[in-house]
Structure formats: C-alpha cells, structure tokens
Amino acid sequence: MNAAGSIEGREFATQNVDFLFMVSLDPEKSKDEVSAIKARSSKLGREVGVFTLCHVVWRPTTREAQDYYEYYANEQADWEAVDNLMRLQRLHSQSFPPEALREMRNRFAAGHGSYPLVGDPDTIVRELEKIPAAGFAGCTLSFVDYALEFPYFRDEVMPRLEAQGLRQPYVHSG
C-alpha cells in the first residue's frame, strides 16, 4: 500500500504496490486519473486498487451538518496550524498536487485535505456512491469525534449502503 500524488510516486506504486491512496478533490473528476493508474498497472501485468480519503460530518439534517462543518472547519480552525501543515505538505510530500493545496485550505482544517462527506444519512450515501462510480476500490472515513459519531453512521448510513449494494452486511462467523 502506498500514497502518491506525484507522477513519480504513482509510477512507483503501479510497479510495486497492490493498493494506492490518492487525494480526490471530486470523485467524478478523478475518474480519468483512476483509470490511467489502473491502465498503467495493467500494462505491467499488475492490478492496483486505488483508494481515496474522506471525512464525514453527519447530522439528522443536511443543514445541521453544513452548519457544524462551517463551525468546526472554519470558525474553530487553527489557521496557523493549517497553513503550517499545508506548507509542510508542499515541502515534504507529493501526496497533494499543488493545485489541490491551493483549493483545499478549508478541507485541511476539516479533514487533512480529504473529500468531505457532509449531510444527512441519505446525502452521505449519495456522496459515497460517487467513490466506486469513479473507479475507486474504496475509501477511508474519518470523523470529528469517532466514538460519538460512528455509532450513528453504523446504524443509519451502513444499512443504506447495504441497500444500495455498496457494502456487504457483516456476518459474525464465530
């Protein structure tokens, strides 16, 4: 598994790893990029699964989720720390393309530059549907407060994902 935003990093990944993480500003716009990575690895006789990264802000209504996102990602952000993180990303990593860094200051404050999934459960599912539609093999999910927020996600979003065929139900085998 590898994370790569640079051309060199993706070339390395297509030759050496089974899975690659890439940042997506918009899954629908990432489709060609994902296809190109898969095509390159296929030419090498390999299959590389491509994953992206997401952060989740759910609330019972989309308005509540958007208001909370605005509060924590904008009003409460430590902008000095965000700017420092972005500076370090430019200096020490090629995981984020330069154009992405310019566009993503609020996303860095909200979820380290990952794709935002903000809304009520149905909105979250519609956003998650975009991930496999773009050719991604999957995505990571992060939450503001995992212990508080994941149970709701498990109870409200995961059954909707199962109903849409986006995940298989968990079956305890032991």
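What follows is calculated from the coordinates using simple rules that are stated; it is not laboratory data. As the structure is a computational prediction, the values presented were derived from the model and not from experiment. Glycine also receives a Cβ, built like all others from the backbone with ideal geometry; neighbour counts cover every protein chain displayed.
Cα-based Rg (one decimal) and Dmax (whole number) for the stretch 2-163, in Å?
16.4, 49
Name the residue farthest towards the positive end of the dipole of the chain from the options A133, F143, T62, assuming +1 on Cβ of Lys and Arg, -1 on Cβ of Asp and Glu, about the Cα centre.
About the Cα centre, the residue reaching furthest to the positive side is A133.
L20: net charge of surrounding residues, Cβ under 14 Å, Lys/Arg +1, Asp/Glu -1, itself excluded?
-1
Could you give each residue of the stretch 131-140 its phi-based ³J(HN,Hα) in whole Hz, using Karplus coefficients 6.51, -1.76, 1.60 with θ = phi - 60°, and x for Gly or Pro?
For the stretch 131-140, the Karplus curve yields 5, x, 4, 8, x, 5, 7, x, 8, 8 Hz.
Taking amide H positions as placed 1.01 Å from N in the peptide plane, with prolines and chain starts having none, which residues 5 or more places from F21, or on another chain, fall under 5 Å of its amide H?
Distant-sequence amide H within range of F21: N2, A3, A4, F51.
Per residue of the stretch 159-166, what does 6.51 cos²θ - 1.76 cosθ + 1.60 with θ = phi - 60° give for ³J(HN,Hα)? Whole Hz please, x for Gly and Pro, Karplus curve as stated.
x, 5, 5, 5, 4, 7, x, 8
Can you give me the long-range amide H partners of S142? Hydrogens built in the peptide plane at 1.01 Å from N, cutoff under 5 Å, separation of 5 or more residues or another chain.
Answer set, sorted by chain and number: C54, H55, V56.
I'd like the Karplus ³J(HN,Hα) series for the stretch 113-128: coefficients 6.51, -1.76, 1.60, θ = phi - 60°, whole numbers in Hz, and an x wherever there's a Gly or Pro.
Along the stretch 113-128, the couplings run x, 7, 6, x, 10, 10, x, 7, x, 5, 5, 4, 4, 4, 5, 5 Hz.
Give me the net charge for the shell around P121: Cβ to Cβ below 15 angstrom, other residues only, Lys and Arg +1, Asp and Glu -1.
After counting each charged neighbour, the total is -3.
For every other residue with a beta carbon closer than 10 angstrom to the beta carbon of R59, add +1 if it is Lys or Arg and -1 if Asp or Glu, then tell me the sum.
-3
Could you point to the residue in A109, V48, A4 farthest towards the positive end of the chain's charge dipole, with +1 and -1 charges on the Cβ of Lys/Arg and Asp/Glu respectively?
Projecting each Cα onto the dipole axis, the largest value belongs to V48.
Return the calculated 222 nm mean residue ellipticity for the chain, to the nearest 500 deg cm²/dmol, obtained by summing -39500 (n - 2.57) across DSSP H runs with n ≥ 4 and dividing by the residue count. Kindly include the intermediate steps, with their values, before the conclusion.
Numbers: 9 runs with 89 residues, N = 174.
For the chain, the value works out to -15000 deg cm²/dmol.
Could you let me know the centre-to-centre spacing of the stretch 62-82 and the stretch 133-174, using Cα atoms, in angstrom?
A separation of 23 Å, based on Cα centres.
Let me check against my output: what whole-number percent is the relative contact order of the chain, with C-alpha pairs under 8 Å and at least 6 apart?
Value for the chain: 28 percent.
For N84 and Q168, compute 0.36 nm times the residue count separating them, minus their Cα-Cα distance, and round to one decimal in nm.
Extending this stretch completely gives an extra 26.2 nm.
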